[in-house]
Amino acid sequence: MRIAGRQVDTALALRFLTEGSMKGAALVMAFLLARWLGVDDFGSYAQAQAMVLVLAPIALLGLGFAIVRQIAGTSVPRRVGTSLTTALAIVSVISTLAASAIFLAAEAFGTSVMENAVSADLVRAAAVLLPVAAWQTLILESLRGRQRVRTATVLQIGESVSILTAIVALHLAGELTPTNVILSFAAMKFGSLCLGTLDLFRSQRLRWRHLRFLKHTDIRGALALGIPFMIAGFGEALMGMVDRLVLGNILGADAVGRYAAAQTLAAILASWGAPFWWLLYPRMAHALARGTREDMLPPVRKLFGTFLFFGLPIAAAIVLLGPQLLTLALGDDFGVSILLMAFLTGAVFINQSATPWEYHLYIEGKAAFLMWATLAWGMIAVAGTIFLAPRFGIVGAAGPVAAARAGFALTILIAARRNGQGLNFIPADAAIRLMAGFAAGLCTAVPVFAISEPEYGPALSALTFVAAYFTAGPGVSALQARRRSA
């Protein structure tokens with residue numbers, strides 16, 4: 001298959017189909033919820049959702065990743081059963097204890113942590129969702145470990161469509177509230193969890209006698225493997241979700257509603273990148289296993305180059321059109337500035353672009369370094385949001401998040417360079433386009449900010465960036481032709 005003159009393999013096309021179905025339904029759902037709930041209730045819903053996403057990595061203890069490693073290489077039902085039973089038992093204890101504490105302290109939690117932005121009933125609904133989300137993640141990871149990719153894909157798409165249908169049904173019945181939305185999430189995820197468990201039992205020929213606990217040494221090994229990923233996941237949540245909780249505490253639910261709606265648009269860029277990264281990690285590992293570090297360059301440059309070629313114009317379009325789209329689709333209550341859109345989109349783009357170097361460090365056994373780097377920059381993002389949000393509003397939350405993403409990306413780029421892989425992951429044509437685009441954008445931004453018109457800076461910079469990015473194409477083609485002739 002060829003897209004814009006570039007060869008794209010079938011596996012990548014299938015991942016785009018899956019990702020498009022799931023994220024498309026999620027985007028439609030988010031916009032419907034924002035429009036039907038209004039800015040305050042949508043903000044409350046976003047805070048409750050963020051609370052679950054922040055606590056989920058802790059409840060999982062990284063066992064989702066560990067169980068994939070443990071069961072991927074075996075076909076013995078007893079080994080699959082013992083790994084699954086042990087992981088489910090540990091996750092169940094941690095998640096139910098955390099959920100019970102939140103459920104019982106819902107009044108105090110909603111008042112002190114979220115400044116009355118989230119009702120006690122909504123906090124209780126989020127507490128119900130927490131263990132269900134943790135169990136479902138574990139089952140989906142188990143299906144992935146046993147290469148039940150088709151089943152996992154069907155379950156994920158089916159869940160997205162079911163939740164969207166439930167939202168529409170609640171609206172038509174006049175029962176659409178943030179609490180009912182979260183409870184619908186829990187119900188649909190529980191259904192997906194049950195179906196996934198049945199498929200796992202059937203396909204792996206599991207019987208009750210296989211459901212035993214691992215030995216203590218194996219449990220310690222799984223935890224030793226999983227806990228670094230748990231800490232890294234928590235750090236990632238600090239950079240990507242805690243800002244909603246902090247904003248709700250400082251500025252209220254309406255600010256969170258506008259912020260979350262803008263984040264939903266910026267997440268389109270993450271949806272664009274997800275299929276590339278789903279394929280990239282195993283291809284990098286496979287190339288390294290069969291050769292040297294240099295053998296990783298072709299698959300990285302191919303996938304990363306295609307991501308950059310289309311991803312940069314997508315990012316510029318989101319910055320330029322995002323505020324207008326939010327106002328047109330959701331109303332004036334959801335109005336945001338281009339500067340906020342630029343910060344949020346920039347944070348997503350930086351995070352996505354750092355993925356090849358992050359994967360390289362994982363493959364090279366640098367998980368502990370990544371764990372502490374992610375946690376450190378996550379804490380910096382939270383501290384910056386707490387300090388700047390009261391002074392600059394929602395822009396004061398987005399700025400530290402973008403800065404933390406940039407700091408983390410620079411940290412792992414330096415580490416990867418010391419480990420033998422630096423900027424050579426970036427294809428030559430993408431590097432030229434990037435330099436031309438950023439130079440043009442910077443030359444536009446500096447005089448605009450100098451004459452005290454910062455609101456127009458991001459829009460003009462995005463326009464000049466796109467213009468330079470595409471007009472650099474002939475220069476790239478000439479350089480490639482010269483290299484081929486040489």
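If the cut-off is 18 Å between C-alpha atoms, which lysines fall inside it for Lys189, apart from same-chain ones fewer than 8 positions away?
Lys23
Using just the alpha carbons, could you tell me how many Å³ per residue the convex hull of segment 265-405 encloses?
On the way: hull volume 14.0 nm³, N = 141.
Roughly 100 Å³ of hull volume per residue.
List the lysines whose Cα lies under 26 Å from the Cα of Lys366, skipping any in the same chain that are fewer than 8 positions away.
Result set, ordered by chain and number: Lys302.
Counting Lys +1, Arg +1, Asp -1, Glu -1, what net charge surrounds Phe103 among other residues with beta carbon under 13 Å of its beta carbon? List each step's numbers first, then the result.
Details: positive: Arg124; negative: Glu107, Asp121.
Charge balance in the 13 Å sphere: -1.
Pull out the extension gain between Glu107 and Glu294, defined as 0.36 nm times the separation in residues minus the alpha carbon to alpha carbon distance; nm, one decimal.
Residue separation times 0.36 nm, minus the Cα-Cα distance, leaves 61.7 nm.
Accessible area per residue for segment 259-404 in Å², computed with a 1.4 Å probe and the full protein assembly in place, what is it?
Details: 5520 Å² over 146 residues.
I get 38 Å² per residue for this part.
Multiply the residue separation of Asp332 and Ala406 by 0.36 nm, subtract the distance between their alpha-carbon atoms, and state the gained length in nm to one decimal.
On the way: separation 74, 0.36 × 74 = 26.64 nm, distance 3.13 nm.
Full extension of this stretch gives 23.5 nm more.
Given the Cα-Cα distance of Ala376 and Gln324 and 0.36 nm per residue of separation, how much length would full extension add, in nm? Show your work: numbers first, answer last.
Values: separation 52, 0.36 × 52 = 18.72 nm, distance 3.52 nm.
Full-extension gain reported as 15.2 nm.
Hey, what do the phi angles of segment 333-340 turn into as Karplus ³J(HN,Hα) couplings, whole Hz, using 6.51/-1.76/1.60 and θ = phi - 60°, x for Gly and Pro?
After applying 6.51 cos²θ - 1.76 cosθ + 1.60, I find 5, 9, x, 9, 8, 5, 4, 4 Hz.
The values are calculated or read from the model by the stated rules, or taken from the named source; none is laboratory data. Note that the structure is predicted; figures quoted are calculated from it, not measured. Neighbour counts run over all protein chains shown; Cβ positions are idealised from the backbone, glycine included. In case anyone asks, the SASA skips ligands and DNA or RNA and just uses the protein heavy atoms, side chains included. Shrake-Rupley method; radii C 1.70, N 1.55, O 1.52, S 1.80 Å.
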